[in-house]
1. Looking at the stretch 2-64, which chymotrypsin sites (Phe, Trp or Tyr not before Pro) are DSSP coil and have at most 11 other C-beta atoms within 10 Å of their C-beta?
2. How about the stretch 151-228: which GluC sites (Glu not before Pro) there are in a DSSP loop, with at most 13 other Cβ atoms within 10 Å of their Cβ?
3. The chain: percent of C-alpha pairs farther apart than 31 Å?
4. Report the semi-axes of the equivalent ellipsoid for the stretch 204-320 in whole Å, largest first, where each axis is √(5λ) for an eigenvalue λ of the Cα gyration tensor.
5. Averaged across orientations, what area in nm² does the convex hull of the alpha carbons in the stretch 99-188 project?
6. List the trypsin sites (Lys or Arg not before Pro) within the stretch 276-340 that DSSP assigns to loop and that have no more than 15 neighbouring Cβ atoms inside 10 Å.
7. May I ask you to derive the FRET efficiency for THR162 and ASP230 from their Cβ-Cβ distance with R0 = 45 Å, giving the value to the nearest 0.05?
8. Give the distance, in whole Å, between the Cα centre of the stretch 169-208 and the Cα centre of the stretch 212-241.
Amino acid sequence: MEKIKMQTPLVEMDGDEMTRILWKMIKDELLLPFVDLKTEYYDLGLKHRDETDDQVTVDSAKAAIKYGVAVKCATITPNAARVKEYDLKEMWKSPNGTIRSIMDGTVFRAPIVVKGIEPCVKNWKKPITLARHAYGDVYKASEMIVPGPGKAELVFTAEDGTETRELIHQFKGPGVLQGMHNLNSSIESFARSCFQYALNTKQDVWFATKDTISKKYDHTFKDIFQEIYDRDYKEAFEKAGITYFYTLIDDAVARIMKAEGGFIWACKNYDGDVMSDMVSSAFGSLAMMTSVLVSPDGKFEYEAAHGTVQRHYYKYLKGEETSTNSVATIFAWSGALRKRGELDQIPELMTFADKLEKATLSTIESGKMTKDLALITSIENPTVLNSEGFIKAVRENLEKSLA
Ligand code: NAD
């Protein structure tokens with residue numbers, strides 16, 4: 001069989017620990033035999049990040065902007081223990097944070113839905129994709145403990161020295177205070193990424209805030225979304241047969257519990273933090289969540305939502321058997337290859353991505369899975385495979401569908 005040719009390279013960001021082991025297995029078993037894989041390789045493994053003073057992370061993000069599509073393996077975000085373990089020069093920042101700020105992107109997390117792993121919410125038939133605004137609000141707030149009686153005010157001093165004041169509260173006793181902000185530019189980028197990704201995946205967008213209570217702060221979010229939608233996306237949405245829906249956050253939550261899924265839920269920073277964990281745990285497993293970073297001008301970085309699965313890696317190093325779930329990492333590759341195929345107009349590459357995903361899902365549906373899924377599946381007597389065994393079972397199915 002002739003291998004599928006590529007045109008533009010994918011930006012490949014290698015990573016750490018168990019996911020780095022899976023990364024190589026996936027390439028060797030599921031990609032290289034079928035695709036004439038073209039990648040520009042960046043080693044974001046912690047050792048190499050340290051050697052390059054983290055320059056490699058910056059370079060990889062710039063390459064993602066240049067080529068438009070990247071695929072990333074999970075990476076260690078160093079903490080004190082990691083600084084010691086890897087004898088690091090510095091406690092380098094989270095690579096995901098660095099890449100996100102360079103690409104000015106929004107993260108979209110979506111569960112991989114498969115028969116046999118049913119979400120706890122029975123009517124959720126299709127994935128709910130969660131988009132979290134990753135700038136500002138309570139995450140960049142200033143806070144104060146108020147010791148006793150006194151007056152708290154919001155003061156804005158313009159560059160020309162003019163002051164605008166707003167009374168917060170006349171304290172009669174002790175209490176607490178918080179000041180937070182956001183930026184129109186950041187909200188606009190967030191809105192664009194959401195609308196862009198909706199068009200790309202042909203899904204509706206839901207957005208919700210508490211604008212009835214927060215008449216200036218949250219209302220600004222609502223207005224910016226609406227203006228950008230009306231001006232730049234309405235027509236394209238109508239053509240694509242998708243909609244933009246705004247409601248109050250409490251109404252959104254109530255509706256989501258009764259919905260079927262199959263849409264993008266755009267959330268403000270804090271809502272997204274809380275709701276993304278609720279949605280992923282309700283859909284079954286962190287190991288079945290994909291994640292894609294989308295920039296406002298439509299550049300994509302695909303990855304698994306989970307981390308490096310450290311505990312399995314230490315078992316692996318001791319020569320013990322592991323049963324690590326590679327599904328989300330396989331889907332990161334298929335997502336990136338499909339997008340590359342779309343941009344370069346290589347239908348064979350897009351079909352390959354579809355078949356790779358189908359082969360992965362049908363492996364699970366036939367009862368063959370890793371241990372984490374075997375513990376939660378509704379399929380009776382599942383066959384538990386080890387890390388490599390699962391990938392080999394997917395390969396068997398893939399070969400059949402490509403033959
Ligand atoms: P983790 O996602 O690696 O593991 C969390 C839990 O989920 C563990 O109990 C693990 O056994 C289970 N799990 C996760 N993925 C699994 C899989 N594919 N198969 C089977 N079980 C799976 O998160 P963690 O343990 O908190 O962090 C480990 C490392 O990963 C840390 O150094 C952290 O910085 C890094 N991390 C990276 C990313 C990323 O690169 N996107 C995200 C989160 C954590």
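1. none
2. Working: sites: GLU153, GLU159, GLU163, GLU166, GLU188, GLU227; in loops: GLU159.
The qualifying sites are GLU159.
3. On the way: 35541 of 81003 pairs.
In whole percent, the share of Cα-Cα pairs in the chain beyond 31 Å is 44.
4. Sorted largest first and rounded, they come to 33, 18, 14 Å.
5. Values: hull surface 44.2 nm².
Approximately 11.1 nm², given one-decimal rounding.
6. On the way: sites: LYS299, ARG311, LYS315, LYS318, ARG338, LYS339, ARG340; in loops: LYS299, LYS318.
The qualifying sites are LYS318.
7. Details: r = 32 Å, r/R0 = 0.72.
So the FRET efficiency works out to roughly 0.90.
8. About 12 Å separates the Cα centre of the stretch 169-208 from the one of the stretch 212-241.
Values quoted throughout were computed directly from the atomic coordinates according to the rules given, and no laboratory measurement underlies them. Not measured: the values here are computed from a predicted model. For neighbour counting, all protein chains shown are included, and Cβ atoms are generated from backbone atoms with ideal geometry for every residue, glycine included.
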